[in-house]
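The values are calculated or read from the model by the stated rules, or taken from the named source; none is laboratory data. Because the structure is a prediction, the values reported are computed rather than measured. Neighbour counts run over all protein chains shown; Cβ positions are idealised from the backbone, glycine included.
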Amino acid sequence: PMDPEAMFKQGFLNDVYLERPVKPVLTRFPPEPNGFLHIGHSKAIAVNFGFARYHGGKCYLRYDDTNPEAEEEVYFTAIADMVRWLGFEPYKITYSSDNFGKLYEMAEKLISLGKAYVCHCDDDEIKRQRGGEKGSSPRYRCADADQSVEENMRKFRDMRDGKYKPREAFLRMKQDITDGNPQMWDLAAYRVLDKPHHRTGAEWKIYPTYDFTQQQHSCLCDSFENITHSLCTTEFYLSRVSYEWLNKELGVYEPMQREYGRLSLSGAVLSKRKLRELVEKKFVRGWDDPRLYTLIAVRRRGVPPGAILEFVNELGVTTTNSIIQISRFEQTVRRYLERTVPRLMLVLDPVPVVIEDADDLDGTELTVPFSPKAQSAMGDHKIKFTKTVYIDRSDFREVDSKDYFRLAPSKTVGLLQAPFPIKATSFTKDQATGKVTEIRAIFDREIKKPKTYIQWVAAEGSGSRKCEVRIYNSLFLSENPASAEGGYLNDINPDSEVVYPDAMIESGFDEVKRRAPWPEAAGEGKGSSSGPETVRFQAMRVAYFALDSDSTDDKIILNRIVSLKEDKEK
Ligand code: ATP
Ligand code: MG
Ligand code: MG
């Protein structure tokens, strides 16, 4: 396992701290509650919460809820859940909307300083003021910019009091239109919007604008909360100037903004609009469908939060955006599971093998370790050996060949943990389907070390159970679904989910479930310690699995978290 704090010790985040080596460090994670968090957000969470924790400081969870049009209650809860699931506890949960009053005061203060004006221009006019298409003409200000402080104040209060309709007036900051940076070209600060807000109700008829929300006003909230290091993604690099401008003009505490690169996964779709379309058009079962890369989906699939943090840590933090292949993410998850989850036997497509000379061993109890490591804290469990065992259809061939080492007529194979290897003697087939329905075998007591061992599950009645297994493959065929011909919906992999309805799992599953979450699975956050997804194991020779939330007491449904080895084909 790698040093869980490596990314704070050198590189970008260390430099950021050295620029302002203050204590206590205060940071914030400021999501807009307008959607579910995705894997990219886990980087923002790890960076902000981790940075604070590493420096003995605190991190706020701040809902950036200043746009009443897109917010829904469910997102608020889901966001806090995910932060906790990743193992972080917010110092405080705050809402940008709690600052509406203070923000309003700041806007008035800005007006009184002659640094903001109420403007009546429409979008086309504003575009012309900003130099038109690609800056083809000189920039200029409208006459509104010359209004007196008194007039601006009166008009702004009229905006507040509902005397303007949407788009008839808005508040603009008076920045510096000669600056080369478009973020200084008199950005909008407040707009009229006659929509109730989920927390403040009908109290406000004006709201901070999107620009203001994303950039300037978030700097004010940062300032109100005494954020020392305001860490955000690089699309805000140009906004740093206006971020600093506003705090300075208002004479309030100045947090330091620094920008790090975004994380995305190639072959995955993360945009809210596209995710919504996938859900609404039923290409997936919901926002938490294990084939998606929302955090609720990744959790449901069974990926441990510790593995996600390890992934972010491994990639490190720099100022460049990174597009990482899903296979790389899976590689980290696989390595993490390898050392943290118990092992069991499962067969996807069971075929019964009757071992004719096993009468004396029928029902024998075997002691089987959960881990291949001799001294593992995972311990042992007991399973029964039975005269009839189930093996996977793919481990039997009707016709033997020299380069084949599993079960076939007259060929011997080992059964993991079983007393002796077995040799097939005959088999029967269903005439209609051509499928093998039963294999007959005998022990091969001569061979001490067979070339290959296969997994098996004891007969029903011995504690083994039927289960449904869902194998997930990439949801998209190409690495870049967004630019696929005919759009990403045309790029859907028809085999993104393969279901084995009649799989069987050994009796040890019950103990794995009872003991979940396994203490070995470090990194399990507080909010999630009892979810079905914490029932994780390696099915030997098959894959890593977790219990799906669709499961009931009578029906076990398992999700493939990742394969055992990197898949070469999709
Ligand atoms: P999206 O494009 O998914 O809507 P966003 O930036 O609008 O993303 P927010 O909810 O505002 O999403 O994000 C909260 C925080 O998470 C912001 O500080 C943002 O910079 C960060 N963040 C969002 N996406 C990523 C990503 N892919 N990688 C790293 N950080 C991200
Ligand atoms: Mg955002
Ligand atoms: Mg967004």
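Summary table below
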read-out: Considering residues of segment 48-81 that are of a type in the set (Ser, Thr, Tyr) and under 21 Å from TYR207 (Cβ atoms) only, the residue farthest from ligand 1 (Cβ to nearest atom); value: THR66
read-out: Given (1) touching a residue at least 12 places away in the same chain (Cβ under 8 Å); (2) surrounded by fewer than 24 Cβ atoms within 10 Å (Cβ to Cβ); (3) under 18 Å from the mean Cα position of the chain (by Cα); (4) more than 16 Å from ligand 1 (Cβ to nearest atom), index of the condition TRP245 fails; value: (3)
read-out: Hey, PRO350 over 34 Å from the mean Cα position of the chain (by Cα), more than 16 Å from ligand 3 (Cβ to nearest atom) and at pLDDT 95 or above or not; value: no
read-out: Leading residue by the ranking (nearest to ASP15 (Cα to Cα)) among those in segment 255-269 that are surrounded by fewer than 20 Cβ atoms within 10 Å (Cβ to Cβ) and within 16 Å of ligand 2 (Cβ to nearest atom); value: GLU259
read-out: Candidate set: segment 30-47, residues that are closer than 16 Å to GLU259 by Cα and among the hydrophobic types (A, V, I, L, M, F, W, C); chosen: the one nearest to ligand 1 (Cβ to nearest atom); value: ALA44
read-out: Residue that is farthest from LEU263 (Cα to Cα) [pool: residues in segment 48-75 that are within 15 Å of ligand 2 (Cβ to nearest atom) and among the hydrophobic types (A, V, I, L, M, F, W, C)]; value: ALA70
read-out: The one condition in (1) touching a Phe, Trp or Tyr at 6+ places or on another chain (Cβ under 8 Å); (2) more than 27 Å from PRO290 (Cα to Cα); (3) within 16 Å of ligand 3 (Cβ to nearest atom); (4) not small (Gly, Ala, Ser) that TYR75 fails to fulfil; value: (2)
read-out: One residue from ARG301, ARG328 being crowded, with 18+ Cβ neighbours inside 10 Å and among the charged types (D, E, K, R); value: ARG301
read-out: Cβ pairs under 7 Å, 6+ apart, first in segment 436-456 and polar (S, T, N, Q), second outside any strand (DSSP E or B); value: THR437/ASP430; THR452/PHE405; THR452/ARG406; GLN455/MET345; GLN455/LEU416; GLN455/MET540; GLN455/ARG541
read-out: Any chance GLN175 is under 23 Å from LEU250 (Cα atoms), within 41 Å of the chain's Cα centre (by Cα) and in a helix (DSSP H, G or I); value: no
read-out: Test: residue in segment 130-150 that is under 20 Å from VAL252 (Cβ atoms) and either more than 16 Å from ligand 1 (Cβ to nearest atom) or of a type in the set (Gly, Ala, Ser) (or both); value: yes
read-out: Residue tally, condition within 11 Å of ligand 3 (Cβ to nearest atom) and farther than 13 Å from ILE308 by Cβ, over segment 34-48; value: 2
read-out: Which listed residue, of ARG470, ARG445, is in a strand (DSSP E or B) and either modelled with pLDDT under 95 or of a type outside the set (Gly, Ala, Ser) (or both); value: ARG470
read-out: Residue match in segment 88-104 (condition: over 17 Å from THR209 (Cβ atoms), buried (at least 22 other Cβ atoms within 10 Å of the Cβ) and under 20 Å from the mean Cα position of the chain (by Cα)); value: yes
read-out: Residue in segment 144-153 that is over 15 Å from MET106 (Cα atoms), hydroxyl-bearing (Ser, Thr, Tyr) and modelled with pLDDT under 95 present; value: no
read-out: Hits in segment 491-519 (condition: exposed (fewer than 15 other Cβ atoms within 10 Å of the Cβ) and outside any strand (DSSP E or B)); value: PRO494, ASP495, ASP510, ARG514, PRO519
